[in-house]
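> Sharing a structure here in structure tokens format.
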Amino acid sequence: MEKDFLTIALPKGKLLIDSIQILSRIGIECSHVNEDSRKLFYDLPDSKVKIIICRATDIPTFVEYGAADLGFVGKDTLLEENKDVAELLDLKFGYCRFVVAMPEASVPPKLSNGEYDLSGLNHQRVATKFPRVAETFFSGLGMQVSPIKLHGNIELAPCVDLAEMIVDIVSTGKTLKENHLVEIAPILEATSRLIANRVSYRLKYERIRNLVERLREDVQADILVRN
């Protein structure tokens, strides 16, 4: 029956491979699911699972409105989209960091504790894909900024005087260095999360909790192996 199936939304892009691998390890065989195909919907009757592939930024919306019972999504997207979903588990892959960065030539002075003095950035412009995250961070410091939302090439903004600084996610920091930008403040760390539609979580509680526990065991086992 349809109510026995779980629909899981997986993200296009670099998180898809890790998402497929972890599901396969817990017995949901989906190794044939891939982004190279134009197919966006997969029916896995043996596992009573349906997989949908969509843009990472859309997954919280699919889950909030019940088009998917569950979704794999980065914490960065979850914070920015701010949808009404239940966050069930940290999947521990897709690690990245939110940072504030500025051109090398205009970094603020440092305080006695070694941190950069951000006070001079009050009311300045910040280019970012994540305006909500940026505003929340500076608001927590008692500051206001003017976010300029861009969808790519964030590092270009300070170079052409579009903004004084950027808020972006980084993994290695290599792109910042290549564009002569300096990280002046960490904001938070982000990994992939399992989220659920709140109604589905109640109506399909046993199935979802079983899946969560299998995923949790896999995540913990992977941590032990890596350590």
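The values are calculated or read from the model by the stated rules, or taken from the named source; none is laboratory data. On a predicted model such as this, the values are computed, not experimentally measured, just so you know. Every residue, glycine among them, receives a Cβ derived from its backbone with ideal geometry; neighbour counts consider all protein chains shown.
> If I ask for residues that are touching a strand residue (DSSP E or B) at 6+ places or on another chain (Cβ under 6 Å) and among the basic types (Lys, Arg), which ones from segment 22-71 would you list?
Lys50
> Could you check segment 72-112 and list, in sequence order, the residues that are among the hydroxyl-bearing types (Ser, Thr, Tyr) and touching an Asp or Glu at 6+ places or on another chain (Cβ under 8 Å)?
Tyr95, Ser106
> Residues that are over 19 Å from Glu115 (Cα atoms) and touching a residue at least 24 places away in the same chain (Cβ under 8 Å): which strands (runs of 3 or more DSSP E) entirely in segment 130-207 hold 1 or more of them?
165-170, 181-190, 192-196
> Another question, then. Would it be correct to say that Val33 is in contact with a helix residue (DSSP H, G or I) (Cβ under 7 Å, 6 or more places away or on another chain), at pLDDT below 95 and of a type outside the set (Asp, Glu)?
Answer is yes for this residue.
> Follow-up. Kindly indicate which of Lys39, Lys48, Lys110, Lys83 is in contact with a helix residue (DSSP H, G or I) (Cβ under 9 Å, 6 or more places away or on another chain) and free of Cβ contacts under 8 Å to residues at least 40 places away in the same chain.
Selected residue: Lys83, the only one of Lys39, Lys48, Lys110, Lys83 that is in contact with a helix residue (DSSP H, G or I) (Cβ under 9 Å, 6 or more places away or on another chain) and free of Cβ contacts under 8 Å to residues at least 40 places away in the same chain.
> Sticking with this structure for a sec: Sort through Lys149, Lys129 and tell me the only one that's of a type outside the set (S, T, N, Q), in contact with a Leu (Cβ under 7 Å, 6 or more places away or on another chain) and closer than 22 Å to Glu64 by Cβ.
Criteria check complete, one pass: Lys129.
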